[in-house]
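The values are calculated or read from the model by the stated rules, or taken from the named source; none is laboratory data. Computed from a prediction, not measured in an experiment: that's the story for all the values here. Note that we place each Cβ from the backbone using ideal geometry, even for glycine, and neighbour counts take in every protein chain shown. All accessible areas refer to the heavy atoms of the entire protein, side chains included, with ligands and DNA or RNA removed. Shrake-Rupley method; radii C 1.70, N 1.55, O 1.52, S 1.80 Å.
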Amino acid sequence: MIAAVGPIEAAVVWLNDPLNWTNPGGVLDRIGEHLSMSAAAVVLGCLVAWPIGLWLGHTERGGGLVVLVANLTLAVPTLALLTILPLTFLGFGRPAVVVALAVFAVPPLLANAYTGVRQVDPEARDAARGMGFSGWQLLRRVELPLAVPYLAAGFRTAAVQVVATAALASFVNGGGLGQIIRAGFGLDIAAGGGQILAGGLLVAGLAMLVELVLALVERLVTPRPLRTRGRRAGRRAADAVTGT
């Protein structure tokens, strides 16, 4: 019996049971839920953070605002948002989870968008202005393409963080792989330990898979001359925003 073995062996047994994958509410269903709400949260975060970050970087203002927003959103625990938002009009379930995770996704998206534009070579800006580019044309045709490595790095960071954190959705009936962990805690620890560990491994494995896929996507969307710059984008963005 599972209860007679250690948690690692029990997790292996649990993961190797096909019914745990294919039954309604099984691993495949939970992975679908996990990815869908994570994707929705990251997209919502992009819709909020990217326009603000790009515009502030273009105007060369608002560095303090970027730091403030990033620090505020990082200071608010996602679990706290997940317990507060269901008490609003959003209610319990997926909408509250998506909004809470989107707030968590904003800091890297905002910081990298802002820094990506600020790091554009001033000579490129001057050349574009000399050609008669308007402010909007400068942003769209010069600054935005050159900021792609930073945008991609911010998206990758935000996506991995959201996928890893989305396991908390189970606390407000939001679904996802966290439901597997929560169900394990509902059992006797001897019987549920393997399921808890299996759920944790699934979340970690999914986050690593997303990291690998987005690393490849980041490389594909980044022009070859900018790829070295792209690999350093995350670190440089954090340094530039914090002023270190």
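Before moving on, here are some points about what is shown:
- Checking the range 93-100 against the condition returns no match, with no residue being touching a residue at least 60 places away in the same chain (Cβ under 8 Å), of a type in the set (Gly, Ala, Ser) and closer than 19 Å to Pro51 by Cα.
- Residue count for the range 158-199 satisfying the condition of being closer than 17 Å to Trp14 by Cα, in a loop (DSSP other than H, G, I, E, B) and open to solvent by less than 10 Å² (accessible area, probe 1.4 Å): 1.
- Annotation: of all residues in the range 130-145 being part of a helix (DSSP H, G or I) and open to solvent by 50 Å² or more (accessible area, probe 1.4 Å), the one that is nearest to Leu220 (Cα to Cα) is Pro145.
- Within the range 71-109, the set of residues being exposed (fewer than 15 other Cβ atoms within 10 Å of the Cβ) and either under 13 Å from Cys46 (Cβ atoms) or basic (Lys, Arg) (or both) is empty.
- Helices (runs of 4 or more DSSP H) wholly inside the range 1-115 that include at least 2 residues being under 19 Å from Ala158 (Cβ atoms) and among the charged types (D, E, K, R): none
- Scanning the range 80-110 for residues that are touching a Gly at 6+ places or on another chain (Cβ under 7 Å) and either over 14 Å from Ser38 (Cα atoms) or of a type in the set (Ser, Thr, Tyr) (or both) yields a count of 3.
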